[in-house]
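The next block holds one structure in the form of structure tokens; read it before the comments.
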Amino acid sequence: MHESAQQVLEHLHKNSQSATDTTPDESTVDTAYKQLVSRFDSTYGGFGNAPKFPSPHNLLFLLRRWHHTGDARLLHMVEQTLQSMRHGGVYDQIGFGFHRYSTDAQWLLPHFEKMLYDQALMALANIETFQATGKEEYAQTARQVFEYVLRDMTHPEGGFYSAEDADSQGEEGLFYLWTPEETKQVLGKDKAELINDILNIRSGGNFVDQASRQKTGRSIPHFTSTAEEGARHHNLTPDELEVRWQSARQALFEAREQRVHPYKDDKILTDWNGLMIAALAKGAAALDDPRYADAARKAAAFVQTHLVDKHGRLLKRWRRGQAGLPAHLNDYAFTVWGLLELYEAVYDVQYLKWAVELNSQMLDRFSDSESGGFYFSASDQSDLLVRPKEIYDGAIPSGNSVAAMNLLRLARITGESRLEIEAQRIGQAFAEQIKRIPLGHTHYLSALMLALYPQFEVLIAGSPQAHDTRDILRALQRQYIPNAVTLLRPTDTDDPDISYLAEFTQQQTGIDGQATAYVCQNHACQSPTTNIEEMLEMLRNG
């Protein structure tokens, strides 16, 4: 039996009485925002000085804060950072994908390693910014990242490899660098002059060897002018320049493929695959591209086939037919994240069932029943002297931060109020640390905003394959609604599986055989509507 809302409030109040007065609250969110503003680089985007890391969870946090407050400065910070990274050397302009970090403030000189988790999180940041702004440039960046991952980082059975090294032939970045003479050999003199100009491939080069601090004569392709500026400079229209650039890029890519490639780390890690599943699923929904949903489904099947033991528990890594090592908190939290996004992309209830099952395992095996939060290792892992418990959001969000978000989303979907309590206990367990350094916990604070501010459950009752059902779901998926969960109750069966996972959906039906939206808060729903704009208006005004 689910707890009533009143019981939950009483429990939360009781816990807050015993918690320290530093329990994270809206003031903590506000402090993190102010810290990001103070560290924002208004010239090049990003935060702080060199080296600069992508840290996409900072951008996801700012987007949520913008959504709540309407403060245009926050959206500007996100957009300038994404644009600067996308145009800089930290992005592979020829073959796509993000390098690990920039050694300078301008996003020019990267450490050339490519990590799977960066591709996933940067794709998510660009997709959510596309949803928030409607600007195609962010959708295009996400599509290019997916192209790179599906082309170069995907096992034939669907899992995703971990990384590509920075070096080839013993030199960092050699695979990615160009001289004007090399581009002329590929493109011919006239085309190369145009491309060298817009990509800043110059005689003498711009790449500085980190060991010798000397220029090597090679250049990192990057943009320093807009498409409009470049087109005017070369007496072309932007469309003409784009056509020439895309033709040249493909030719340079094919030539680059003949070079010695960097080493590929072909381990398949459960946690990073969870992040990539989440990104592809979000992309499939927001960009209305079923290829990404297919890739996410295939990766989830890979995890289920190769990275689950005979007891239904996750394993940590797989390589060349061999799986092993006990899974950690991140493996569970990130996989649940991926499954939740996959459910909200394709509305196949098997993914929601598996997310609920893995979340239950995580609660049973990783939670600190006394102080709250989750240990990094499971209670039955006996080979460790200590069980660390962490929440700092570094290069990737922490397992506890992601778990907090998952718990809140699952609470809204299933009506299991105890999950909200577990999410609150994470904040209480790490309260002093989060309050002391809010900037280091932005993914957790994104989850906190989900708890602090109004949340929605949006239920669509309709036949899954019907045009009106697909239309209303697509309209939802294109929107930036970070404070909502969405569910589909199929109306072509009397006893759909979703009604067992989300009991509040049992009574919702379509109106006159049409796809119908129920916009709910705390599972109390407004009057149903078959009108898409009315549904969106309810969400805007809630």
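Quick notes
- When the residues of the stretch 224-259 are filtered to those that are touching a residue at least 40 places away in the same chain (Cβ under 8 Å), under 22 Å from residue 83 (Cα atoms) and more than 28 Å from the chain's Cα centre (by Cα), the one that is most open to solvent (accessible area, probe 1.4 Å) is 244.
- The lone criterion from (1) open to solvent by less than 20 Å² (accessible area, probe 1.4 Å); (2) farther than 15 Å from residue 348 by Cα left unmet by residue 499 is number (2).
- Test: residue in the stretch 502-512 that is part of a strand (DSSP E or B) and at pLDDT 95 or above: no
- The residue of the stretch 357-371 that is least open to solvent (accessible area, probe 1.4 Å), among those that are of a type in the set (S, T, N, Q) and touching a residue at least 40 places away in the same chain (Cβ under 8 Å), is 359.
- So residue 488, is it at pLDDT 95 or above, out of contact with any Lys or Arg (no Cβ under 8 Å at 6 or more places or on another chain) and closer than 20 Å to residue 415 by Cβ: yes
One line per residue, one yes/no per condition, for (1) aromatic (Phe, Trp, Tyr); (2) touching a residue at least 40 places away in the same chain (Cβ under 8 Å); (3) part of a loop (DSSP other than H, G, I, E, B):
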{"site": "355", "(1), (2), (3)": "no, yes, no"}
{"site": "379", "(1), (2), (3)": "no, no, yes"}
{"site": "385", "(1), (2), (3)": "no, no, yes"}
{"site": "391", "(1), (2), (3)": "no, yes, yes"}
{"site": "400", "(1), (2), (3)": "no, yes, no"}
{"site": "407", "(1), (2), (3)": "no, yes, no"}
{"site": "411", "(1), (2), (3)": "no, no, no"}
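- Test: residue 221 is open to solvent by less than 20 Å² (accessible area, probe 1.4 Å) and more than 30 Å from residue 318 (Cβ to Cβ): yes
- Filter result (acidic (Asp, Glu) and part of a helix (DSSP H, G or I)) within the stretch 436-477: 468, 471
- Members of the stretch 38-83 found to be among the basic types (Lys, Arg), open to solvent by less than 70 Å² (accessible area, probe 1.4 Å) and closer than 17 Å to residue 133 by Cβ, listed by number: 64, 65
- When restricted to residues that are within 30 Å of residue 299 (Cα to Cα) and not charged (D, E, K, R), the stretch 155-196 contains 13.
The values are calculated or read from the model by the stated rules, or taken from the named source; none is laboratory data. Just so it is clear, the structure is predicted and the values come from calculations on it, not from any experiment. Glycine also receives a Cβ, built like all others from the backbone with ideal geometry; neighbour counts cover every protein chain displayed. Calculation scope for accessible area: heavy atoms of the full protein, side chains included, ligands and nucleic acids excluded. Shrake-Rupley method; radii C 1.70, N 1.55, O 1.52, S 1.80 Å.
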